[in-house]
Amino acid sequence: MITSKKTYKQYLESDKAALGIYDNNVKLKLKNLISKDYIWQYQKTLRKLEYYNNCKKNGVGLFSFYYLKYKFKKLSLKLGFSIPINVFGPGLAIVHYGTIVINSNTKVGKNCRIHACTNIGASGGKPEAPQIGDNVYIGPGAKIYGDIELGNNIAISANAVVNKSFKKDNILLAGNPAKIIKEVDIRRIIKHI
């Protein structure tokens with residue numbers, strides 16, 4: 001969770017690395033002049049909103065908080081993302097535009113790579129939502145729901161339905177309902193870690 005200006009900057013740097021954005025890349029700067037990188041704008045706004053919500057929600061900061069909340073909502077609608085603040089740890093990489101719906105009670109560790117058409121939420125009207133570890137790859141169309149825990153270094157394949165806990169690390173989950181397919185080296189999937 002972002003608790004200071006320092007952690008805010010660390011989160012931004014981790015997110016940039018996860019998305020493969022480097023400040024000294026001339027090709028990337030030219031591309032951004034021609035067409036904006038809306039996902040990076042979204043993630044920057046998400047992190048700034050988290051910072052203002054957690055650290056600056058008083059006085060002048062309150063005005064900035066509400067402005068950022070408005071901007072964040074506009075970007076969310078444009079991109080199809082429904083991601084609450086303070087859910088993802090540093091190193092978030094949203095790979096594509098498209099529907100992503102996350103429950104506000106969900107917690108995801110650092111270095112999560114998430115694709116479109118993903119839902120992570122509660123089950124049956126209960127407030128408990130998934131608690132997901134570090135270094136997790138979530139494939140397109142994955143559904144993760146219920147009062148469950150997932151370990152570290154897990155890859156969840158496309159269209160998998162995860163509705164029970166998997167606390168074992170270094171595994172690939174696939175199927176409906178999801179089951180362990182094999183052990184996996186997550187560094188081959190999430191390159192920046």
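In this structure, is G124 free of Cβ contacts under 8 Å to residues at least 24 places away in the same chain and part of a loop (DSSP other than H, G, I, E, B)?
So G124 passes the test.
Taking into account only those residues within segment 10-33 that are at pLDDT 90 or above and open to solvent by 80 Å² or more (accessible area, probe 1.4 Å), which is nearest to I114 (Cα to Cα)?
Looking at residues that are at pLDDT 90 or above and open to solvent by 80 Å² or more (accessible area, probe 1.4 Å), I get E13.
Out of curiosity, is I132 β-branched (V, I, T) and crowded, with 22+ Cβ neighbours inside 10 Å?
Criteria met by I132.
How many residues are buried (at least 19 other Cβ atoms within 10 Å of the Cβ), in contact (Cβ under 8 Å) with a residue 24 or more places away in the chain and not hydrophobic (A, V, I, L, M, F, W, C) when one looks only at segment 48-82?
Number of matching residues: 3.
What do you reckon, is N58 more than 14 Å from the chain's Cα centre (by Cα) and closer than 25 Å to D134 by Cα?
No, not satisfied.
Quick check on my filter: what residues within segment 81-121 are part of a strand (DSSP E or B) and not β-branched (V, I, T)?
Within segment 81-121, F81, S82, F88, A93, K107, C112, R113, N119, G121 qualify.
If only one of K71, K44, K36, K57 is under 22 Å from S104 (Cβ atoms), charged (D, E, K, R) and either modelled with pLDDT under 95 or outside any helix (DSSP H, G or I) (or both), which one is it?
None of the other options fit; the residue is K57.
Checking the conditions here, which among I114, I85, I94, I180 is open to solvent by 50 Å² or more (accessible area, probe 1.4 Å) and either modelled with pLDDT of 95 or more or of a type in the set (S, T, N, Q) (or both)?
Going through I114, I85, I94, I180 in turn, the sole match is I180.
The values are calculated or read from the model by the stated rules, or taken from the named source; none is laboratory data. Fair warning: this is a prediction, and the values are worked out from it, not measured in the lab. Cβ coordinates were reconstructed from backbone atoms using ideal geometry, including for glycine residues, and neighbour counts include every protein chain displayed. Accessible surface areas use protein heavy atoms only, side chains included; no ligands, DNA or RNA. Shrake-Rupley method; radii C 1.70, N 1.55, O 1.52, S 1.80 Å.
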